[in-house]
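S.K.: Mind looking over this structure? Questions follow.
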Amino acid sequence: MPFIDLAASPLAPGVSPVRVHYRDAGAGSPLLFLHSGWGYEIYPFDRQIAALASTHRIVIPDRSGYGRSGAIAALAVDFHARAADETRGVIEALALDRPVVWGHSDGGIIALLLALAAPTLVAGVIAEATHFYRRKPRSRAFFESMRDKPETLSESVTSVLAHDHGTRWPDVIERHSRAWQLIARDAMSDTADFYGGRLGAIAVPLLVVHGARDPRTEPGEIDALTRSLEGSARVVVLSDGGHSPHSEAATADEVTSIAQTFIERVSATLPLPAPES
């Protein structure tokens, strides 16, 4: 079971080293998956791994506080930016040469922030079920419920969460919900976005994948995200998709095909590695 030790991570202030667990499969040009706010196993990338591992090295880290990585006490209001910094450390520690980064939900925000902060570090980004608005009025009751009573989740969900995070799974859900409430309170307006109006400045190839039925998406949010990109990305909205198109039976195959085409096009533009001496 592979781990890396980072000298530090802003997700775990005051801790050194910071132990990060990651999954590693396949071989070839690197592809980095960034999980959602509930961890990796609740929305696994099994179909994508099966389709892509023959031509790509697939790396899937557990962020600090998740899975088998080190524990944290809380998520700060800027946890997405902190996670982008930790992800940068993972890329550098594993010597991943300009991976395509595929982020889901919170992982999508993290991938986009990483591309803005360090465009030379990544070859391209797939942002799936990502978020644009910092305030989520339609999700307020959901976050309150998950903050106060995560045990009300179904047994099928809690068993997956327990397998991923162990007995600390309720803390993972509660901590995530509290953080999103802090984000909403900190926002200056209902239309404040996670990217400070800079999303159109992303300088790497970008694919946005979203489900039209995503319950965590506000009315008009995807239109606002698309406008902010100023035509610099391909945006695919799947009519049958919910919050996790890559793992839902109705959309998983289509998402895999769309993503594979994007990844291969990006990979084809990368320079060949220097021959070994």
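Rundown of residues vs (1) among the hydrophobic types (A, V, I, L, M, F, W, C); (2) assigned to a strand (DSSP E or B), yes/no style:
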site	(1), (2)
195	no, no
204	yes, no
219	no, no
224	yes, no
235	yes, yes
240	no, no
243	no, no
249	yes, no
256	no, no
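One line per residue, one yes/no per condition, for (1) crowded, with 20+ Cβ neighbours inside 10 Å; (2) touching a Gly at 6+ places or on another chain (Cβ under 7 Å); (3) of a type in the set (S, T, N, Q); (4) more than 24 Å from residue 102 (Cβ to Cβ):
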residue	(1), (2), (3), (4)
173	yes, no, no, no
177	yes, no, yes, yes
180	yes, no, no, no
185	no, no, no, yes
190	no, no, no, yes
197	no, no, no, yes
207	yes, no, no, no
218	no, no, no, no
223	no, no, no, no
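S.K.: Identify all residues within region 1-12 that are touching a helix residue (DSSP H, G or I) at 6+ places or on another chain (Cβ under 9 Å) and either free of Cβ contacts under 8 Å to residues at least 60 places away in the same chain or over 11 Å from residue 71 (Cα atoms) (or both); write none if there are none.
M.R.: Listed by number, the residues that qualify are 4, 5, 6, 7, 8, 9, 10.
S.K.: I would also like to ask the following. Identify all residues within region 1-11 that are over 18 Å from residue 75 (Cβ atoms) and in a loop (DSSP other than H, G, I, E, B); write none if there are none.
M.R.: Correct list: 1, 2, 7.
S.K.: For region 131-152, name all the residues that are surrounded by 19 or more Cβ atoms within 10 Å (Cβ to Cβ) and either over 16 Å from residue 183 (Cβ atoms) or among the aromatic types (Phe, Trp, Tyr) (or both).
M.R.: Scanning region 131-152 gives 132, 133, 143, 150.
S.K.: From the list 95, 27, 71, 76, exactly one residue is assigned to a loop (DSSP other than H, G, I, E, B), within 16 Å of residue 165 (Cα to Cα) and not β-branched (Val, Ile, Thr). Which is it?
M.R.: Going through 95, 27, 71, 76 in turn, the sole match is 71.
S.K.: Looking at (1) buried (at least 17 other Cβ atoms within 10 Å of the Cβ); (2) part of a loop (DSSP other than H, G, I, E, B), which is the only condition residue 14 fails?
M.R.: (1)
Residue-wise test of (1) assigned to a helix (DSSP H, G or I); (2) farther than 29 Å from residue 95 by Cα; (3) modelled with pLDDT of 95 or more.
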| site | (1), (2), (3) |
| --- | --- |
| 109 | yes, no, yes |
| 112 | yes, no, yes |
| 126 | no, no, yes |
| 131 | no, no, yes |
| 139 | yes, yes, yes |
| 142 | yes, yes, yes |
| 147 | yes, yes, yes |
| 157 | yes, yes, yes |
| 160 | yes, yes, yes |
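S.K.: When you scan region 56-63, do you find a residue that is of a type in the set (A, V, I, L, M, F, W, C) and either farther than 25 Å from residue 258 by Cβ or part of a loop (DSSP other than H, G, I, E, B) (or both), even just one?
M.R.: Checking region 56-63: not a single residue is of a type in the set (A, V, I, L, M, F, W, C) and either farther than 25 Å from residue 258 by Cβ or part of a loop (DSSP other than H, G, I, E, B) (or both).
The values are calculated or read from the model by the stated rules, or taken from the named source; none is laboratory data. Because the structure is a prediction, the values reported are computed rather than measured. As a convention, Cβ positions derive from the backbone with ideal geometry for all residues, glycine included, and neighbour counts pool all protein chains shown.
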